[in-house]
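Working notes for the structure below.
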Amino acid sequence: MPTTATESLSDAARKFVEGGPHKLLIGADWMEAADGRTFETVDPSTGEAICEVAQAGAEDVERAAQAARAALEGKWGKMPAAGRSLLINRLADLIEENSEELAQLEALDNGKPVTIAGAVDIPQAVAHLRYYAGWPTKIEGETIPVSWPNMFTYTIKEPVGVCGQIIPWNFPLLMASWKISPALAAGCTLILKPAEQTPLSAIRLGQLAQEAGFPEGVINILTGDGETGAALVDSTSIDKIAFTGSTEVGRRIGARCGELLKRVTLELGGKNPNIILPDADVEAAIKGSFQGIYFNTGQACNAGSRLFVQKDQFDTVVSGLAEAAKKAKVGPGLDTGTQFGPVVSKEQYERVSSYIESGLEQGAEAVAGGNGGGNGDGGGYFINPTLFTGVTDDMKIAREEIFGPVLVAMPYDDLDEVARRANDTDYGLAAGIWTRDVANAHNLARKLKAGSVYINGWGMVDAAAPFGGYKASGIGREMGHANLDAYLEVKTVWTSLK
Ligand code: ADP
């Protein structure tokens, strides 16, 4: 199904797209959904369909879970730890070798600028795999000095088992890498479900995993929507669910996993405060805060969406941000001159637009954007970077996660006040502080209820550094050994030496 956008694709990316309808990877085989259903994935830069993809149902989930269980009990489960490292590294190498194609698929399917996908998403996905490729040979148990005489007691770390991994559409391949890397390092097998808006790079990832030589059933790819995700959560053949997505769906998944006593980690939403202190390097703070909210068209759970500026500097900061927002190049993902792409879908376009309308209705002023930028019917789903002033803490745009290019800027008087207002949210994913004063920086960092605090920067990420949420922003941590532990069970072995 050729579209206008596919004309600018490389041969490899075009071949992949035209190879559709794409199927499900279950065990060693690519197969149609048991009930034959498919869905269309859409290019948000044009609103045109890209290709058809299989829509997995509950029967496919059970088939994939059986394949994953067989791999766990077979070749993969018996493989020495060093073998897992080798395969994870091989997959990282293949992603790197195919990075141009993967960046184009991300730009086509998600709308993000191809240059950003090539500079951030793909290399970060590779780095994540490489970090976790180092872990398998370092997963050690302990010898425990128990108080019993003549007793030898030790622990073994074992993989949790078959994991269902449900990811969002904002960084499709990167989110896949965040999920599969620790699971594979721990020795688990997995069923990855990409978001229905952006299935393409996960399908390509499945092909590359086969090429890397992973035994069949270790990595299964089920494309589909929320119904497919819910079937993974409901399946008693799956031992753990790892989810990244909205808080609303996360709550439901957490409740169901609690009922089934299934292991679960949740990386959810945020309404993240970004605080500029009076002694900050204002120019750096404006630049960083701009990227902090508008990067990826604001479609990041850790976007700095609530900006607090001390009242004496408020006008300076706001005019700097508004000027940059008005100059921003918003355009199609595959255009190399694009700074910010469209939002991911018509649904998301309507959602973000309704938040902008609600801001205006409640009396806030849009000093940049606020007027869409494209249209949601037939064209791309473009929304200009929007900056609101005249916002009060209780307005909808100041309380709810918008997940789009919309920033609310609010003045404050003193540090205690801003700390209280920053924490006055259900969320607790990230927070930012701009200051040159070390004591203020670290005192405030301790007060903020957030899983990540960025000082004089925004959105720093590294596979070695834990990332996750306080409060309604989630349960558990991605990255670092914290996330490895989330894929391991601890077994204690007691031996009487009498
Ligand atoms: P968004 O609203 O931003 O699309 P969601 O939380 O709805 O975010 O989606 C994130 C991921 O969760 C996607 O892969 C989606 O298909 C999946 N999903 C949506 N609803 C459910 C559900 N009820 N159970 C499991 N997964 C779901």
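Read the figures in this text as sums done on the coordinates, not as results from a lab. Keep in mind it's a predicted model, so treat the numbers as computed, not measured. For neighbour counting, all protein chains shown are included, and Cβ atoms are generated from backbone atoms with ideal geometry for every residue, glycine included.
Can you run phi through the Karplus equation (6.51, -1.76, 1.60; θ = phi - 60°) for segment 339-350 and list ³J(HN,Hα) in whole Hz, with x for Gly and Pro?
Here the 3J(HN,Hα) series is 8, 10, x, x, 6, 6, 7, 4, 4, 5, 4, 5 Hz.
Compute the distance from the alpha-carbon center of segment 45-66 to that of segment 461-498, in whole Å.
30 Å
Report the paramagnetic label zone for Val438: residues of segment 253-291 whose backbone N is under 18 Å from a point 7 Å from Cα along the Cα-to-Cβ axis.
279-281
Can you tell me the length gained on complete extension of the stretch Gln339 to Ala82, counting 0.36 nm per residue apart and subtracting the Cα distance?
Length difference between fully extended and current span is 88.4 nm.
Cα centroid distance between segment 320-336 and segment 243-292, in Å?
24 Å
Rounded to whole Å and ordered largest first, report the semi-axes of the equivalent ellipsoid of the chain derived from its Cα gyration tensor (root of 5λ).
Gyration-tensor ellipsoid for the chain: 38, 30, 19 Å.
Taking Cα centroids, how far is segment 384-404 from segment 145-210 in Å?
Using only Cα atoms, the two centres lie 35 Å from each other.
List the residues whose amide H sits under 5 Å from the amide H of Gly428, counting only those 5 or more places along or on another chain, with H placed 1.01 Å from N in the peptide plane.
When sequence neighbours closer than 5 places are left aside, the close amide H contacts are Lys271, Tyr470, Ala472, Ser473.
Which whole-number percent is the relative contact order of segment 303-461 (Cα, under 8 Å, 6+ apart)?
Details: 249 pairs, mean separation 36.5, N = 159.
Relative CO of segment 303-461 lands at 23 percent.
If you average the sequence gap of Cα pairs under 8 Å that are 6 or more apart and divide by the length of the chain, what percent do you get for the contact order?
Relative contact order of the chain: 18 percent.
Can you pull the one-decimal nm distance between simple spin-label points at Glu142 and Glu100, each 7 Å off the Cα toward Cβ?
So the label points at Glu142 and Glu100 sit 5.1 nm apart.
Angle check, please: helix 172-186 long axis (alpha carbons) against the longest principal axis of the chain (alpha carbons), in degrees 0 to 90, nearest 10.
The answer is roughly 30 degrees.
Whole-Hz Karplus ³J(HN,Hα) for segment 136-146, in order, using 6.51 cos²θ - 1.76 cosθ + 1.60 and θ = phi - 60°, x for Gly and Pro?
Listing the rounded values in order: x, 7, 10, 8, 10, x, 10, 9, 9, x, 6 Hz.
Helix 122-133 versus the longest principal axis of the chain: what is the Cα-based angle in degrees, 0 to 90, to the nearest 10?
With rounding to tens, the tilt is 40 degrees.
Report the residues of segment 156-172 in range of a label on Lys491: point 7 Å along Cα→C-beta, backbone N strictly under 14 Å from it.
156-161
Are there GluC sites (Glu not before Pro) in segment 71-177 that DSSP marks as loop and that have at most 16 other Cβ atoms within 10 Å, and which are they? Show your work: numbers first, answer last.
Values: sites: Glu73, Glu96, Glu97, Glu100, Glu101, Glu106, Glu140, Glu142; in loops: Glu140, Glu142.
The qualifying sites are Glu140, Glu142.
Name the shape class, rounded, prolate or oblate, that the alpha-carbon gyration tensor gives for segment 300-360, where a ≥ b ≥ c are the square roots of its eigenvalues, rounded holds for a/c under 1.5, and otherwise prolate holds if a/b is larger than b/c and oblate otherwise.
oblate
Convert each backbone phi in segment 329-335 into a coupling constant with the Karplus relation 6.51 cos²θ - 1.76 cosθ + 1.60 (shift: θ = phi - 60°), then list the ³J(HN,Hα) values in order as whole Hz, x for Gly and Pro.
8, 9, x, x, x, 7, 7
May I ask you to list the lysines whose Cα is less than 17 Å away from that of Lys329, ignoring any residue fewer than eight positions away on the same chain?
Answer for Lys329, where 17 Å is the Cα cut-off: Lys112, Lys287, listed by chain and number.
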